[in-house]
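Below is one structure; the comments refer to it alone.
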Amino acid sequence: MDVLGILIPVSLFLGGVGLAAFFWMLKRGQFDDPDGDAHRILRDDYDDAPKD
Amino acid sequence: MSATYEHPGPAACPACAGAPAAEALAELPRNGRLMLSLPAIHCAGCISGVERALMAVPGVQDARVNLTLKRAAVQADRSVTAVDLVEVLERAGYEAHELDPGVLATTDSDRRGRDLLMRLAVAFFAMMNVMLLSVAVWSGAEGSTRDMMHWISAAIAIPAVIFCGRPFYVSAWSALRVRRLNMDVPITLAILLAVGTSLYETMHSGKHAYFDAAIALCFFLLAGRYLDYRTRASARSAAQELAALEVPRALRLRDGREETVSVSELSPGDIVRVKPGGRIPVDGRVTDGASEIDRALMTGESLPAYAGPGSVVSAGEVNLTGPLMVEVTAAGEDTALHRIADLVAVAEAGRNNYTSLADQAAKLYAPGVHILSVLAAIGWWIYTQDLRVSLNIAAAVLIITCPCALGLAVPAVTTAASGRLFRKGMLIKDGTAMERLAEVDTVIFDKTGTLTLGAPQPVGLDRHPAEAMRVALGLAMASAHPLAEALSKALRDRGVRPAKLDDLREVPGYGVEARWHEQPVRLGRAGWVGAEPPDITATFLQIGSADALPLTFTDSLRPGAAETVQALKAQGKRIVLISGDTKGAVSSFAAEIGIDEVIAEALPAEKAGFVAGLAAEGARVLMVGDGLNDTAALAAAHVSISPASALDASRAASDMVLLGRDLSPIADAVRISVVARKRISENFTLATVYNVLAVPFAIAGLATPLIAALAMSASSLTVSLNALRLK
């Protein structure tokens with residue numbers, strides 16, 4: 001059961017990383033246009049360099 | 001809409017420095033940021049097409065389409081106006097409307113949405129971790145391991161619950177303060193009681209802790225809240241954008257000088273100048289100039305009326321041909337336009353009394369749950385004399401009966417349904433509009449501007465001599481009058497070449513005259529050329545001293561209008577056409593489109609009265625209209641729809657706005673709303689069934705945290721999946 005002492009903090013840490021990543025995405029406005037982004041991926045206009 | 005987006009620097013126009021619109025413009029970046037509404041875009045091709053078309057315009061630095069909001073943001077030089085861009089897009093085949101970027105600064109509502117999403121994410125994180133730890137307990141962890149799991153769960157769940165549940169606590173507290181019960185009171189109680197008893201159990205090495213249930217409750221309810229919020233916010237912000245398109249300004253003449261002032265600064269006795277093509281900002285009397293005015297939005301008349309010195313004009317009418325000087329008799333709040341807006345406010349107050357299905361459910365639910373859990377607690381207290389046991393039972397009952405499914409039942413369906421409608425080009429402004437639309441049995445259409453585009457088309461041109469048509473084209477090309485423009489476009493489309501005319505001049509208010517082969521020719525009003533005024537839209541061509549030749553017009557049908565009427569008929573709705581236009585024009589139109597019940601020459605009050613009369617007979621009326629004369633009727637109806645081209649007062653009065661030119665989303669909306677209502681009641685049934693099955697376990701004291709978690713997740717999932725079935 002000692003392994004729990006490592007596994008629980010690790011799982012919490014990884015979850016926390018996911019949460020932080022989500023906050024970052026939210027602040028960067030990556031959820032502002034989900035429909036458009038889903039379609040933009042199909043175009044070849046922006047292939048060379050991303051444009052924001 | 002006639003508003004053009006100008007970029008006056010604050011110094012360029014001292015007179016309007018105090019106007020709110022000018023302040024908003026002054027805060028804009030140096031390069032203008034323009035916003036366009038694109039109701040018809042739907043795919044990757046549209047995004048590329050629109051962006052490429054916009055980028056090709058000289059002066060445009062950047063253009064970005066947002067497909068979710070169906071909008072484009074354009075960064076451009078000041079010389080580029082939104083009107084130019086709209087034209088460019090129309091030529092490229094995309095329908096576009098201008099939006100006021102000043103009003104788009106709705107960051108406040110965005111912040112609320114982001115806040116909810118943040119809490120939702122934290123709740124999800126906490127729920128997943130606590131659930132993970134709980135699985136260990138459910139699968140048989142004993143003794144100190146179980147206690148450790150419970151303690152870690154508590155360490156995660158307690159701060160998370162405090163942070164995530166804030167919206168519920170605030171709402172519950174504000175309800176309790178005025179001695180009312182809302183849905184959030186049992187929610188708050190369930191969360192607090194669950195966390196409290198679990199903490200107590202954990203301290204005393206108890207077997208059951210409900211931390212996972214408390215945080216899962218938060219998560220599911222926040223999900224419902226967020227969906228609900230997003231539907232409302234996107235509709236509201238878009239409706240605001242549409243509403244604030246027109247900046248009320250007027251050109252005032254003072255000491256021989258013209259100055260731009262806001263309409264609120266005008267007072268009776270002032271003289272304002274109304275340019276051709278401009279909307280009249282005040283009620284008044286014409287002192288100078290002659291023109292024709294379009295009253296379609298005010299009265300529904302499709303024929304422009306003559307205006308000369310002494311004519312009375314009202315705010316909202318459009319000046320067509322010549323400049324007019326108008327002496328103000330009433331401005332701002334005293335105008336006819338404003339009085340109609342007041343009528344709307346009164347009618348809207350009545351409609352706000354509508355109780356939605358969710359409210360009805362909450363009214364039954366909140367007291368029921370409290371009574372149930374108190375009874376369970378009292379029963380166990382009498383039976384065992386153990387406060388700890390009875391509180392545990394009360395907590396279990398509150399958790400099991402948690403309104404997760406109820407909280408998701410309505411928002412999940414309305415989100416799905418309004419998303420579908422938005423994709424079809426229809427905006428829902430009011431939260432309960434969809435429910436009300438499902439109950440509709442009578443549909444009332446306005447004619448001009450609603451079933452028709454409000455743009456006249458000449459008919460029977462082939463009957464006239466070719467020579468006359470060449471003269472007509474030559475004359476029509478000299479005028480910006482809508483009839484003349486329609487005529488010249490139709491003739492050019494037929495390959496007619498204009499006759500060579502001399503001394504061409506427009507006589508504002510009357511028509512155009514010129515000389516052709518040494519004889520005078522005129523194109524204009526009946527009275528001007530000595531003809532009888534007809535009862536349908538027409539203009540007259542007179543060559544020399546011969547009898548005037550009538551050129552008749554018909555209003556072109558809005559796309560999808562006939563299909564919509566047919567589809568609604570097929571759904572068994574009673575359909576009525578009501579218009580301020582003349583009998584002849586209305587009845588021939590009704591026959592063409594297939595409507596049997598017709599009311600012509602209706603005044604605004606009569607329209608509203610007719611709607612109210614139907615409502616008194618028990619009919620549920622859907623009113624579709626665009627004009628100011630429809631506004632009172634729109635507000636009086638059970639539910640109302642207006643096209644985006646409608647006056648802002650009409651859009652404000654209606655529950656839904658059609659973003660595109662096409663009317664066909666109306667029939668879809670009625671169908672979808674009926675299905676949505678069915679799904680909502682199915683969801684309520686599902687949620688109730690889960691509760692009825694699980695509550696006996698809770699009251700009997702057999703509910704374990706595992707059963708609570710299963711019941712909660714299963715009911716929330718079924719309800720959400722059922723909502724997604726909406727087609």
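Shown in residue order for region B:323-330 are the 3J(HN,Hα) couplings computed by the Karplus curve 6.51 cos²θ - 1.76 cosθ + 1.60 at θ = phi - 60°: x, 10, 9, 10, 7, 6, 9, 8 Hz (x for Gly and Pro). Dipole check for the protein assembly as shown: with +1 at the C-beta of Lys and Arg, -1 at the C-beta of Asp and Glu, and the Cα centre as origin, the magnitude is about 1980 Debye. How tilted is helix B:357-384 with respect to the longest principal axis of chain B? Cα atoms for both, answer in degrees (0 to 90, nearest 10). Approximately 10 degrees, to the nearest ten. Classified by the C-alpha gyration tensor, chain B has a prolate form. Its axis ratio a/c, with a ≥ b ≥ c, is 1.5 or above, and a/b is larger than b/c. Think of chain B as having a plus end and a minus end, set by charges on the Cβ of Lys, Arg, Asp and Glu; of B:389, B:432, B:163, B:389 sits farthest toward the positive end of this dipole.
Going by neighbour counts of Cβ atoms within 10 Å, the residues B:661, B:180 line up, fewest first, as B:180, B:661.
For residue B:537, the residues 5 or more places off, or on other chains, whose built amide H falls under 5 Å of its own are B:553. Selection among B:479, B:551, B:117 by position relative to the dipole of the protein assembly as shown gives B:117 as farthest towards the positive end (Cβ unit charges, Cα centre).
Take the Cα of residue B:288, step 7 Å toward its Cβ, do the same at residue B:570, and the gap between the two points is 6.0 nm. In terms of its C-alpha gyration tensor, the protein assembly as shown comes out prolate, because a/c is 1.5 or above and the ratio a/b outweighs b/c.
Each helix, a run of at least 4 DSSP H residues, gives -39500 (n - 2.57); summed and divided by the residues of chain B, these come to -16500 deg cm²/dmol at 222 nm. Against chain B, whose longest principal axis is taken from its Cα atoms, helix B:705-724 shows a tilt of about 20°.
Only Lys, Arg, Asp and Glu carry charge here, each on its Cβ (+1 for the first two, -1 for the last two); on that basis chain B has a dipole of about 2320 debye about its Cα centre.
Over chain B, Cα pairs under 8 Å with separation of 6+ residues give a relative contact order of 13 percent. Modelled label positions at residue B:178 and residue B:384, each set 7 Å beyond Cα in the direction of Cβ, lie 4.0 nm from each other. Selection among B:642, B:94, B:181 by position relative to the dipole of the protein assembly as shown gives B:181 as farthest towards the positive end (Cβ unit charges, Cα centre).
Taking amide H as placed 1.01 Å from N in the peptide plane, residue B:280 has its amide H under 5 Å from the amide H of B:316, B:317, B:318, B:319, each at least 5 places away in sequence or on another chain.
Any read-out appearing in this document is the output of simple, stated calculations on the displayed coordinates, not a laboratory observation. Quick caveat: nothing in here was measured; it's all calculated off a predicted structure. Because the Cβ atoms are built from the backbone with ideal geometry, glycine has one as well, and the counts that use them run over all protein chains shown.
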